[in-house]
Amino acid sequence: MPGVNNMDMFCSRCGEGFEPQEKIVNSNGELWHGECFVCAQCFRPFPSGKFYEFDGRKYCEHDFHVLFAPCCGKCGEFIIGRVIKAMNASWHPNCFRCTLCHKELADTGFIKNQGRSLCHDCNAKVKAEASGKFICGKCHGAIDDGRPLRYRGDVFHPYHFNCTACGVELNAEAREVKSRPGFAANDVNQLYCLRCHDKMGIPICGACRRPIEERVVTALGKQWHVEHFVCAKCEKPFLGHRHYEKKGLAYCETHYHQLFGNLCFVCNQVITGDVVTALNKAYCSHHFSCSTCDQILNPKSKFYEMDCKPICKKCYEKLPVELRKRLKRMHEMRKQL
């Protein structure tokens, strides 16, 4: 050191003095021989002169990390600088995140929930879901009365919104209008109170009580979304197929005949096609035949009754005369009763 008597100075590590022309290392007012200014752990010179100090001892970066720097609970790397202590571990600030939404928690705080670190919003959602409540998509609070306002595929407290037309605060009965003349579907997405919505003349579905803004099905004295006009038995939508009405309800062909249709006297199955009624019985059209020769009969065919079964004219005429007379008398007696 120029202008200074090296004989009056001593190395902070070994305590020896310095030679007159010797290079001296000065660190925070402490003097060192060049060969003494080394890492307290590995005794090697500090790369680029960079070192870390702990309890009065100096360490190279590698040894300081190994000995003292905590490892991040997520990425496993050493943490230099700000350390987040939480959940029995250490974290980089940008590694400590909500388990569900992955939002950084270093500056917002967190709540421990079943071994997970959750932000306040996610914790509220988890608690509400466990209690069967809806979570508002705006304030993230639980919807206690169980009557949310549904808007853009999410649920909200109704009081966060006002009617587009009259400005009144909305309730759970508010209607979302997704399309209007001149706009494509989902280009509008406006909310209206029930009174203003009714003035717009938009039909209401008889099943879900929501507005019908696309194709409308009119049946049973009501209007329906296509997907909500379903069979009362199997609950499958008709999607344009034929339906049958009975006592204010709609049924698909299969279940209508199953519940209310005729059973064929021959096959004992529900008659799904044309029904032939004869002799106080119902028949499939292809099962109504002569009981003697099995010739298919149609409603216009001439036939006779024998033993409560149909018999064609040709087979009837082959019967003995006396039998035909008895059958004729029996037929006339029934007419008189």
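Each residue of region 23-36 is assigned a 3J(HN,Hα), and the resulting list reads 6, 10, 9, 10, 10, 6, x, 9, 10, 9, 5, x, 7, 8 Hz, derived from the Karplus form 6.51 cos²θ - 1.76 cosθ + 1.60 (θ = phi - 60°), x at Gly and Pro. Note that region 261-269 has calculated 3J(HN,Hα) couplings of x, 8, 9, 5, 5, 8, 9, 6, 9 Hz, one per residue in order, obtained from phi through the Karplus relation 6.51 cos²θ - 1.76 cosθ + 1.60 (θ = phi - 60°); glycine and proline are x.
Our estimate of slack between LYS325 and HIS120, defined as 0.36 nm per intervening residue step minus the Cα-Cα distance, is 64.1 nm.
For the pair LYS199 and ARG13, label points projected 7 Å from Cα toward Cβ lie 8.8 nm apart. With the whole protein complex present, LEU259 retains an accessible surface near 80 Å², based on a 1.4 Å probe. Projected label points at PHE260 and LYS313, each 7 Å from Cα along the beta carbon direction, are separated by 3.8 nanometres.
Past the 27 Å Cα-Cα mark, which pairs from LYS85/LYS138; LYS103/LYS133; LYS50/LYS103; LYS178/LYS233? Among LYS85/LYS138; LYS103/LYS133; LYS50/LYS103; LYS178/LYS233, the Cα-Cα distance tops 27 Å for LYS85/LYS138; LYS50/LYS103; LYS178/LYS233.
Normalised by the number of residues in region 1-82, the average gap of Cα pairs under 8 Å and 6 or more apart makes the relative contact order 15 percent. Once you reduce region 102-143 and region 12-77 to the center of their Cα atoms, the two points are 47 Å from each other. The string of couplings for region 212-228 from the Karplus curve (6.51, -1.76, 1.60, θ = phi - 60°) is 9, 10, 10, 5, 10, 9, 10, 6, 6, x, 9, 10, 9, 5, 4, 6, 9 Hz, one whole number per residue in order, with x for Gly and Pro. As a calculated quantity, the FRET efficiency between ASP144 and PHE43 at R0 = 56 Å, using C-beta atoms, amounts to about 0.25.
Given a 1.4 Å probe and the protein chains as shown, LYS233 ends up with an accessible area of around 110 Å². Once semi-axes √(5λ) of the Cα gyration tensor in Å is calculated for the structure shown, the corresponding label among (i) 97, 30, 16; (ii) 54, 35, 25; (iii) 33, 25, 18 turns out to be (i).
The values are calculated or read from the model by the stated rules, or taken from the named source; none is laboratory data. Everything quoted here is computed from the prediction, not taken from an experiment. Cβ sites come from the backbone with ideal geometry, for glycine too, and all protein chains shown count toward neighbours. Side chains included, ligands, DNA and RNA excluded: accessible areas come from the protein's heavy atoms. Shrake-Rupley method; radii C 1.70, N 1.55, O 1.52, S 1.80 Å.
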